[in-house]
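Here the structure is laid out as structure tokens; the discussion comes afterwards.
Read-outs throughout are calculated quantities, based only on the coordinates presented, and are distinct from any laboratory measurement. For clarity, every value in this text was computed on a predicted model and none was experimentally measured. Glycine gets a Cβ as well: all are built from the backbone with ideal geometry, and neighbour counts include every protein chain shown.
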Amino acid sequence: MPLMLSRNDVDSVLSMDACIAAVETAFGELTRGNADMPQRAVIRLPEHKGLFLGMPAHIGGDEEVLGLKVVTVYPDNPAKGMPTIFGTLLLCDPKTGKTVAIMDAGYLTAVRTGAASGVATKYLAREDSKVCTIFGAGGQARKQIEAVHLVRPLEKIYVLDKVVATRDAFVTDMSALLGVPVEAVEDAETAVKAADIVITASSSHDPVFDGDWLKPGTHVNNIGSHSPDARELDTRTVVRSKFVADLKEANLAEAGDILIPIEEGAVTADHIYASLGEIVVGEKPGRENDDEITVFKSCGLAIQDVSSARVVYEAAKAAGVGQSVEL
Ligand SMILES: NC(=O)c1ccc[n+]([C@@H]2O[C@H](COP(=O)([O-])OP(=O)(O)OC[C@H]3O[C@@H](n4cnc5c(N)ncnc54)[C@H](O)[C@@H]3O)[C@@H](O)[C@H]2O)c1
């Protein structure tokens, strides 16, 4: 009987450090050709300002896993008192195809997206990074900061959000959780100029800062936008950066952050220096000096979901968490 795991169940067994380790391994397996991950199916519902994504993946090897996440993105939901993202993940036994678990994947999405930024930050941010500025204080933002703080302990965090209540709740909760001063700011220029690491985790369709504000050596995790016509980074940021994709093919299918500069003629597709997995397995170096501006562009990959779901499933079984249900 499949194990049903609620959001609280997932939360109770999935730690960020375990998720970062699983996601890092998954990026490596993808680059080694040991994973099967079709480009995700996207249904756009402009009449409802919504997005529906079907994301299957199989990863082979010692930690073999097979699964499918269905996730929706409705940016107007928070105004209706609901999260932007809902998700459900189906985990199957790779040997028989039998469904072994069905779990909530809203929280899982935030953790695995944070984990990918954690992996990217580990390879791309300066070792002495201490100040982080984050755009967007919603569902993803908290796990972004948590992951970055695990790999580069932060001493100061600046946060910007259009919605003051969301931003202020982030300040209260994250300063208490991490024991690091978190300051709400409105002046994006000062906050970007002060940052060693910038994170964009907003629902904005347009650039949220000016690329000329980035000081040499800054690392940017760009995770919010994932449609060809939307971007959080301006062309200047992209041109100035060593640009790392979660996966080149996925970026070239979905990421306005790189597609719009390509369309403008400012860069070509070759501007994408690497997929993250190439850096993880050592095929290409990550950061090479203290002056490089590095960008990690994440659209979100199904390998992140299934590798994290495997961690959840194994931990839930060991802890007796969840409910077995006859389908
Ligand atoms: N890369 C990935 O793997 C991945 C995974 C999950 C979600 N996402 C994307 O991340 C984005 C954020 O998701 P979420 O769940 O946190 O949504 P959310 O709605 O909970 O939070 C987004 C926040 O961004 C703020 N915002 C909008 N424009 C802004 C601006 N110009 N400056 C600062 N803040 C601004 C909003 O007020 C809101 O609080 C979405 O676009 C979502 O699709 C990406």
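General remarks:
- For region 238-278, the Stokes-Einstein estimate of translational diffusion at 10 °C and a viscosity of 1.306 mPa s comes to 158 µm²/s, using the Kirkwood hydrodynamic radius over alpha-carbon pairs.
- Check: region 1-149 dipole with +1 on Lys, Arg Cβ and -1 on Asp, Glu Cβ, in debye: 460
- The value of relative contact order for the chain, using C-alpha pairs under 8 Å at least six residues apart, is 22 percent.
- Cβ-defined net charge surrounding residue 43, 15 Å radius [Lys, Arg +1; Asp, Glu -1]: +2
- Cβ charges +1 (Lys, Arg) and -1 (Asp, Glu), total dipole of the chain, debye: 480
- Remark: region 145-194 is approximated by an ellipsoid whose semi-axes, taken from the C-alpha gyration tensor as √(5λ), come to 18, 14, 8 Å, largest first.
- Each Cα pair under 8 Å and six or more residues apart adds its sequence gap; the mean of these over the residue count of region 125-300 is a relative contact order of 22 percent.
- Against the empirical curve 2.2 N^0.38 Å, the C-alpha radius of gyration of region 125-300 lands at a ratio of 0.97.
- Using only the C-alpha atoms, the convex hull of region 88-141 corresponds to 101 Å³ per residue.
- Pairs from 49/143; 122/248; 248/317; 130/297; 69/317; 49/215 whose Cα-Cα separation, in the structure shown, is over 30 Å: 248/317; 49/215
- Between 12, 298, 308, the Gaussian network model of the chain with springs among Cα atoms under 10 angstrom shows the greatest mean-square fluctuation at 12.
- Separation of the residue 11 and residue 183 label points, Cα + 7 Å toward Cβ, nm: 3.1
- 16 Å Cα-Cα reach of residue 242 towards aspartates and glutamates, excluding residues that sit fewer than 8 places from it in its own chain: 196, 212, 234, 257, 270, 278, 283, 288, 290, 291, 292
- Region 152-173 and region 1-41: distance between their alpha carbon centers, rounded to Å: 27
- The chain: most fluctuating residue of 98, 80, 297 per GNM, C-alpha cutoff 10 Å: 80
- Theoretical ellipticity at 222 nm over the chain - DSSP helices of four or more residues, -39500 (n - 2.57) apiece, nearest 500: -11000 deg cm²/dmol
- Percent antiparallel among DSSP beta bridges (both partners in the chain, rounded to 5): 50
- Taking every full run of DSSP H in the chain, the ones that stretch at least 15 Å from end to end by Cα along their long axis and average -0.5 or higher on the Kyte-Doolittle scale are 16-31, 106-124, 141-151, 164-178, 302-319.
- Packing-based ranking of 221-227, 42-48, 200-206 yields 221-227, 200-206, 42-48, ordered from highest to lowest mean Cβ neighbour count within 10 Å.
- Counting every pair of alpha carbons in the chain, the share spaced more than 32 Å apart comes to 24 percent.
- Ratio Rg/Rh [Cα only; Rh per Kirkwood] for region 254-327: 1.19
- Since only 175, 147, 164 are under comparison, the one whose Cα sits farthest along the positive direction of the charge dipole of region 144-258, derived from C-beta charges on Lys, Arg, Asp and Glu, is 147.
- Set of lysines with alpha-carbon distance to residue 162 below 17 Å, sequence-local pairs under 8 removed: 80
- When only Cα pairs below 8 angstrom with a gap of at least 6 residues are kept, region 136-196 shows a relative contact order of 36 percent.
- Full-extension gain in nm, residue 325 to residue 172, via 0.36 nm per residue minus C-alpha separation: 51.2 nm
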